[in-house]
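What follows is a single structure, written as structure tokens, with notes after it.
The values are calculated or read from the model by the stated rules, or taken from the named source; none is laboratory data. Predicted model only: the values in this text are computed from it and were never measured. Heads up, the Cβs are rebuilt from the backbone with ideal geometry, glycines too, and the neighbour counts pull from every protein chain shown.
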2 protein chains.
Amino acid sequence: MVDKEEYRARIIRTASRIFSHYGFRKTTMDEISRALKKGKSSIYYYFPGKEEIFEAVVLYEANQLRRRLTAAIKEVDSPPDKLRNYIYVRMREFAKLSNYYNAVFDKNLDHYEFIEKIRARYDREELAIIRLLVYVGNNRGTFAVEDSEYTAMAIQTMLKGMEVPLFWRRRETDINYRLEAILTLIFNGIMKKQ
Amino acid sequence: MVDKEEYRARIIRTASRIFSHYGFRKTTMDEISRALKKGKSSIYYYFPGKEEIFEAVVLYEANQLRRRLTAAIKEVDSPPDKLRNYIYVRMREFAKLSNYYNAVFDKNLDHYEFIEKIRARYDREELAIIRLLVYVGNNRGTFAVEDSEYTAMAIQTMLKGMEVPLFWRRRETDINYRLEAILTLIFNGIMKKQ
DNA sequence: GAATATCCGACCCGTTTGTTCCATCACGTT
DNA sequence: AACGTGATGGAACAAACGGGTCGGATATTC
């Protein structure tokens, strides 16, 4: 049925909201079903169990993240703006994902390899994006780097480095300050001295 | 002992953080004790039970709210600025309290009357503050209203009206727009036409 | 009206959780 | 050393919870 897939999607969206707030363990099936205004057992018609819903949610969020990031790049034109936009959106969206990290590190380590697989794939894609941005900026004469590949890897490393304090719930201002610092560092180190 | 009260305060601060994130029901004693790096049963040396901790937390938050609001008023001088500041801070702080509302409306209606008592007291105090602000602004010639008392009540009603959609998780921009709308409405209706 | 898709109330049962009990520790006083 | 006292936490427990199952009800389609 066409409706069945549509309803699965609706479950995913709803569950995503609740999971992101309470984490995997603290979110109950009853809660999800109540949010959907359906009986608890009805959900089992669409999903085998709680874990499968969670995996579908993570997959859904990953796709959404990808979409937002590509949109952020297309939004502006110049390479520095693209990079800046990308980093900002990445940070903002990752902050929302902190709950998933909490959920994962909660206690149930069962999903760990599943998460890791998604993460690895995302890392590969991100590196390609950054590399392209650097490469294009280089060609246009805005950037001036020797090796796009390794420069991209360096940038990605910095971004990853920002995730840890992000998840450790620093103050908003602290986050922004760090973000600006990273940005100016990246740009000052990358921009062609005119 | 002096330390005992101090430790009670520490428990309250820690529990406040966890309650505000997960709500009353989903916060466990074990979690609180782990955050305090103490044994679960040790907490019962300071509080009779979970509910009492929650009540102490709500009381603590209420006092903090009061302090922040009075500070917001003292921060600026002119009556319109005071009112604007008050409303902004009130909205921001109330948004943080939404978790308490969730906790209360969760299922356990036991605390309801306790919350209501605190709320009633806060309402009275707020009305007095607004009334004073209006009154002073009136005297200074910045405002021009007939009856400070009823004007204050009208303003308070508007503020209360904003709580509902606020807790219904609208978009940030929507909130700000509504807030600005309320502010301009209040000011345009209250400011002395020069 | 049979067949099928969708939904749900009631139940099962292992786990969680708030709370109690009691042994222990730290430590100042006698 | 012995003792009292403030403070701690491990163990145990009763009650509630929560994921999942099942049989049947209800809706939809043919």
Seminar exercise, completed: Selection from region B:119-135 of residues surrounded by fewer than 15 Cβ atoms within 10 Å (Cβ to Cβ) and aliphatic (A, V, I, L, M) yields B:A120, B:A128
Exercise. How many residues, within region B:1-32, are within 10 Å of DNA strand D (Cβ to nearest atom) and surrounded by 19 or more Cβ atoms within 10 Å (Cβ to Cβ)?
Worked result: 2
For this session: State all residues of region B:47-72 that are surrounded by 18 or more Cβ atoms within 10 Å (Cβ to Cβ) and farther than 18 Å from B:F114 by Cα; if no residue qualifies, say none.
Result: B:L69, B:A72
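Residue under question is A:R68, and the condition is that it be within 14 Å of chain B (Cβ to nearest Cβ) and under 24 Å from the mean Cα position of the chain (by Cα); does it hold? Step through it out loud before you land on a result.
On the way: within 14 Å of chain B (Cβ to nearest Cβ): no; under 24 Å from the mean Cα position of the chain (by Cα): yes.
No: the conditions fail for A:R68.
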Seminar exercise, completed: Of (1) free of Cβ contacts under 8 Å to residues at least 40 places away in the same chain; (2) more than 13 Å from chain B (Cβ to nearest Cβ); (3) of a type outside the set (K, R), A:T27 fails just (2)
Exercise. Could you say whether any residue in region A:66-80 is over 21 Å from A:A9 (Cβ atoms) and in contact with a strand residue (DSSP E or B) (Cβ under 9 Å, 6 or more places away or on another chain)?
Worked result: yes
Exercise. Assuming B:F47 fulfils every condition listed in (1) within 14 Å of another protein chain (Cβ to nearest Cβ); (2) outside any helix (DSSP H, G or I) apart from one, which condition is it?
Worked result: (1)
Exercise. When you scan region A:107-194 for helices (runs of 4 or more DSSP H) that lie fully inside it, which ones turn up with 3 or more residues that are more than 20 Å from the chain's Cα centre (by Cα) and at pLDDT below 85?
Worked result: A:172-190
Exercise. Does region B:5-13 contain any residue that is in a helix (DSSP H, G or I), among the β-branched types (V, I, T) and more than 14 Å from DNA strand C (Cβ to nearest atom)?
Worked result: yes
